[in-house]
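Chemist: This structure is in structure tokens; I'll ask about it shortly.
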Amino acid sequence: MKKNSKSKLYKAMISNSFIFRKDKNIALSSKTPTPAPKSKYPVKKIAAICMMRIHVPMDEMFANRWIAYYGKQLGEENLYIIMDGLDQKAPGKAGKANIIIREKNTLNVYDLEQDRRDVQTQLAWALFKKGYQLVIGCDSDEFLVADPNTGMSMAEYISSLKIKGSSISGLGLDFGQHLKLDKPFDLNKNLLEQREYALLSTRFTKAVVMARPVRWGWGWHRIMGRNFHIEPNLYLMHFGNTDFDQLYKKSQNMEIIASGRAGHFKRRRLSASYIVSEKTPKDFDKAVRAARIMQTLMRPPYA
């Protein structure tokens, strides 16, 4: 890989302690998790928000895993899921999650993103009024995890932080499919058992944890008018680009094409698999230290 390349590739090995360790409460499997043990650390009242629209079976799979993971961390009753369209229904494993089904307002990609931002920001403000101390906002294929070396779950860790600003972010890991080594995605198997390669990506270093009522930018990439802090022991794992064939099929969906998002799929999402397949992996531990510094000093306009 060229030193001046904007897309840096790193190998996120399953055996790496901060990425995955089965005894550290990172529930990304397809099975319904057992209730989390009583926390050794005080946990704040935390809500999680997600707006989703199910197009293909993989979308349903991610929706159910999002509920399983954040439900175990926070309690299903503290999850708030907005189904974008009256033609949508609750995910199959919604459990006690709060489901809001609303009319889809527009197909134009610009207006759609504005609308998504405003709806989720307003819901976050309402949740703060309801007594929540922190609100997490992210897509159904994104999982905020704490470094297992902290000895804490994600909920315990973010509860322990003294947040001086308005939000915090985890370092973004965009997992792709290595087209020469990885098999097609099995919807019933653990996510991290199937994918080892990820891009350290500014696009997924997002301000996903809101600490007080402020306004999110598009896709949680930033807080409007404010900076945000990249927390050194948090990682936001994005798995939406991990199956090339399913992603390509989704890009051909007529609704995706009509909304103007087909180009985004080709430029950004499908390219993740090409990059992880063609580039040489870098040492992960060294890279994350450098990435936090670079992403803190030089934030792209969309972030």
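Chemist: For P57, state whether it is modelled with pLDDT of 50 or more, closer than 24 Å to E193 by Cα and exposed (fewer than 13 other Cβ atoms within 10 Å of the Cβ).
Modeler: yes
Chemist: With the requirement that a residue be hydroxyl-bearing (S, T, Y), part of a loop (DSSP other than H, G, I, E, B) and out of contact with any Leu (no Cβ under 6 Å at 6 or more places or on another chain), what does the range 192-215 give you?
Modeler: S201, the sole residue that qualifies.
Chemist: To continue, here is another question. Can you tell me which residue within the range 208-221, out of those that are modelled with pLDDT under 90 and closer than 24 Å to S153 by Cα, is surrounded by the most Cβ atoms within 10 Å (Cβ to Cβ)?
Modeler: Only one residue fits best here, namely W220.
Chemist: A further question on this structure: For the range 181-222, which positions are free of Cβ contacts under 8 Å to residues at least 24 places away in the same chain and farther than 22 Å from K279 by Cβ?
Modeler: D186
Chemist: Going by the structure shown, is A198 crowded, with 17+ Cβ neighbours inside 10 Å, modelled with pLDDT of 85 or more and closer than 24 Å to K183 by Cβ?
Modeler: So A198 passes the test.
For every residue, the table says whether it meets (1) among the aromatic types (F, W, Y); (2) under 25 Å from R116 (Cα atoms); (3) modelled with pLDDT under 60.
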site	(1), (2), (3)
K250	no, yes, no
N253	no, yes, no
R261	no, yes, no
Y274	yes, no, no
E278	no, no, no
K282	no, no, no
D285	no, no, no
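Chemist: Quick one: Y80 ticks every box in (1) part of a strand (DSSP E or B); (2) under 30 Å from R289 (Cα atoms); (3) of a type in the set (F, W, Y); (4) at pLDDT 85 or above bar one, so which box is it?
Modeler: (2)
Chemist: In the range 121-140, is there at least one residue being among the acidic types (D, E), closer than 16 Å to R53 by Cα, modelled with pLDDT of 90 or more and within 21 Å of the chain's Cα centre (by Cα)?
Modeler: yes
Chemist: Among the residues of the range 157-192, which ones are surrounded by 23 or more Cβ atoms within 10 Å (Cβ to Cβ) and over 25 Å from S271 (Cβ atoms)?
Modeler: Correct list: I158, S167.
Chemist: Determine the pairs where a residue that is buried (at least 21 other Cβ atoms within 10 Å of the Cβ), located within the range 223-238, has a partner that is acidic (D, E) with Cβ atoms under 8 Å apart, the partner being 6 or more residues away or on another chain.
Modeler: Partner pairs satisfying both residue conditions: L234/D147; Y235/D147; L236/E142; M237/E142; H238/D139; H238/D141; H238/E142; H238/D174.
The values are calculated or read from the model by the stated rules, or taken from the named source; none is laboratory data. Just so it is clear, the structure is predicted and the values come from calculations on it, not from any experiment. Note: ideal-geometry Cβ built from the backbone for every residue, glycine included; neighbour counts use all protein chains shown.
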